[in-house]
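Here the structure is laid out as structure tokens; the discussion comes afterwards.
The values are calculated or read from the model by the stated rules, or taken from the named source; none is laboratory data. These numbers were taken from a predicted model, which means no experiment stands behind them. Glycine gets a Cβ as well: all are built from the backbone with ideal geometry, and neighbour counts include every protein chain shown.
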Amino acid sequence: MKPKVAQRIRELPPYLFARIDELRNEQRARGVDVIDLGIGDPDLPTPPHIVKALQAAAEVPAHHRYPSYAGMVETRRACAAFYARRFGVTLDPLAEVVTLIGSKEGIAHLPLALVDPGDLVLCPDPGYPVYATGTRFAGGEVGLVPLRRDHGFLPDLAAIPADVARRAKVMWVNYPNNPTAALAPRGFYDELVAFAREHDIVLASDLAYSEVYFDEADRPGSILEVPGARDVAIEFYSLSKTYNMTGWRVGFAVGNRELVGALGKVKTNVDSGVFEAVQAAAIAAVGGDQACVADMRATYRRRVDVLCGGLARIGLDVIRPRATFYCLVQVPSGTTSLDFAGKVLAQAGVVVTPATGFGAGGEGFVRLTVCADEARLAEAVARIGRIV
Ligand SMILES: *Cc1c(COP(=O)(O)O)cnc(C)c1O
């Protein structure tokens, strides 16, 4: 007898990245020295002062007990202080901040707080898959909003049909963007907040890459900087990419108190918060010296020069990122994202991600990360150059 899993699990679209993993493992098994530019996971270690804060906090018995659901008051104060310094946004630490077990956890759970069966949630296409999966798990309906290269990979608000805007309950935005690396100009956020207020839509902003930018002029803002945003918006902040902390599982959400409170209520019922020693490390990260963040940016900037400069020299149409650690490459005409990624892996031993893994709107592109050192990136360019 085979146990029968729920409809929502059976309905999940096939996970494209699992197929890529299989192909990569096949190449490795054949002895190929595979260069993996597929994963969006920093290769550099967490800065030592953050690791030390965890070590010290792990010794304190009080931290061994259940944490508070919403996060320690000190943690939420540190997050609010960070938002005040970084964005000029003032937050009430107790009502407008909730800690998360990584921002992905909060992103996946938000629909449980806001979405009733049949409610419409607007998700970017291509986009981080968790927006749509979380929506479906809550019984919501996904409305895809295309992000096109000729529109700066920004949603075209004027092209959203009136009945869709009327029905929509939540809209996800993510700038700097994964997988396109696009930035949102401040004017876009102004328009977006006006649109959301007009149509009574909750804005859910995923700010995972706010600190991964390469030019001070491009320094990303928070949607909460826009007057009136606090009436309609919740924003997800991740420590993962900023401080090389993907393994630690800590992030936080800020914004409208009803929205933050509702997400907190979901969490009260499904998890027990973030290990307090990890919260102490998070305080050290957001409250400590930010020189490590500047170093991170400098490292990625040099790597982007190597990878994007190299890919452009071998004749590929590469979009040089001004933020994030992703480079989007338009695949040669007559081929698909998946075919091109398969060819690059089979013939060059380089893993790249077909952008269709982020939705049908990613067709025509593959995504490469700079989460490998400059020598490996140069080697990847050389190998790809031999096959295109
Ligand atoms: C990496 C990433 C996150 C999640 O990071 P956490 O480790 O869960 O904090 C969220 N959104 C996007 C777009 C990402 O790429």
Q.
Could you check the range 155-184 and list, in sequence order, the residues that are away from the ligand (no atom under 16 Å from the Cβ) and surrounded by 15 or more Cβ atoms within 10 Å (Cβ to Cβ)?
A. L157, I160, A165, R167, A168, K169
(Q) Considering only the range 313-330, I want to know if a residue exists there that is part of a helix (DSSP H, G or I) and not assigned by TED's automatic domain parsing to the domain that holds T75. (A) yes
Q | Condition check for P14: surrounded by 10 or more Cβ atoms within 10 Å (Cβ to Cβ) and assigned to a loop (DSSP other than H, G, I, E, B) | A | no
Q. With respect to the numbered conditions (1) more than 15 Å from the ligand (Cβ to nearest atom); (2) part of a helix (DSSP H, G or I), which one is the sole condition not fulfilled by A108?
A. (1)
Q: State whether one or more residues within the range 345-363 are assigned to a loop (DSSP other than H, G, I, E, B) and out of contact with any helix residue (DSSP H, G or I) (no Cβ under 7 Å at 6 or more places or on another chain).
A: yes
Q | Residue, farthest from the ligand (Cβ to nearest atom), within the range 74-104, restricted to residues that are within 23 Å of L12 (Cβ to Cβ) and surrounded by fewer than 24 Cβ atoms within 10 Å (Cβ to Cβ) | A | I101
**Q.** Residue that is nearest to the ligand (Cβ to nearest atom), among those in the range 232-263 that are more than 17 Å from A80 (Cα to Cα) and aliphatic (A, V, I, L, M)
**A.** M245
Q | Unique residue being in the same structural domain as D231 (by TED's automatic domain parsing), at pLDDT 95 or above, within 18 Å of G255 (Cα to Cα) and not hydrophobic (A, V, I, L, M, F, W, C) when the list is D163, D156, D206 | A | D206
Q. Can you name every residue in the range 124-149 that is closer than 19 Å to I319 by Cα and of a type in the set (G, A, S)?
A. G127
Q.
Filter the range 263-296 down to the residues that are outside any helix (DSSP H, G or I) and either basic (K, R) or free of Cβ contacts under 8 Å to residues at least 24 places away in the same chain (or both) and list them by number.
A. Q290
Q) Failed condition for V115, given (1) modelled with pLDDT of 95 or more; (2) away from the ligand (no atom under 16 Å from the Cβ); (3) not assigned by TED's automatic domain parsing to the domain that holds A281, with all others met? A) (3)
Q | Filtered residue count, the range 240-253, keeping only those that are farther than 21 Å from D92 by Cβ and touching a helix residue (DSSP H, G or I) at 6+ places or on another chain (Cβ under 9 Å) | A | 8
Q.
So I20 ticks every box in (1) out of contact with any strand residue (DSSP E or B) (no Cβ under 6 Å at 6 or more places or on another chain); (2) at pLDDT 95 or above; (3) aliphatic (A, V, I, L, M) but one. Which box is left unticked?
A. (2)
